[in-house]
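To start, the structure itself, in structure tokens.
What follows is calculated from the coordinates using simple rules that are stated; it is not laboratory data. As the structure is a computational prediction, the values presented were derived from the model and not from experiment. Cβ coordinates were reconstructed from backbone atoms using ideal geometry, including for glycine residues, and neighbour counts include every protein chain displayed.
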Amino acid sequence: MAPHLDRWDSQFREKGLRVIEVEYGPATPLERLEPYPQRKGISYPVLHDADGSITQRFAVGAFPTAFLVNRVGRVVWHGFPSRDVAGVEARIQAELSK
């Protein structure tokens, strides 16, 4: 969990952005994941990729990886959100203004 993800969820939710965190199953067992959102104080959903199918489908090779999906379901950006928070935020604003 990164603080900017919770901020983006709060700031942009009403404009159409949804933040969803996916935790890879073997790396994070379900019993540790269930209390995670409440313990960390985050409001967006956290999904458990128990079998790795989501990770495999989107060819995630490193963590954390984020995807920005536009309103029609097309991935318009993916990468490491914590490396360029301002740049990703600018991309979010550009997509939401379309």
Inset, instruction - For the stretch 22-96, please list each of the strands (runs of 3 or more DSSP E) lying entirely inside it that holds at least 1 residues being without any contact (Cβ under 8 Å) to a residue 40 or more places away in the chain and over 21 Å from Gln11 (Cα atoms). - result: 46-49
Legend entry - Top-ranked residue in the stretch 1-21 [being among the acidic types (Asp, Glu) and either under 19 Å from Ala94 (Cβ atoms) or touching a residue at least 60 places away in the same chain (Cβ under 8 Å) (or both); ranked as surrounded by the fewest Cβ atoms within 10 Å (Cβ to Cβ)]: Glu14
Legend entry - Which numbered condition Pro29 misses (of (1) touching a Lys or Arg at 6+ places or on another chain (Cβ under 8 Å); (2) farther than 18 Å from Ala2 by Cβ): (1)
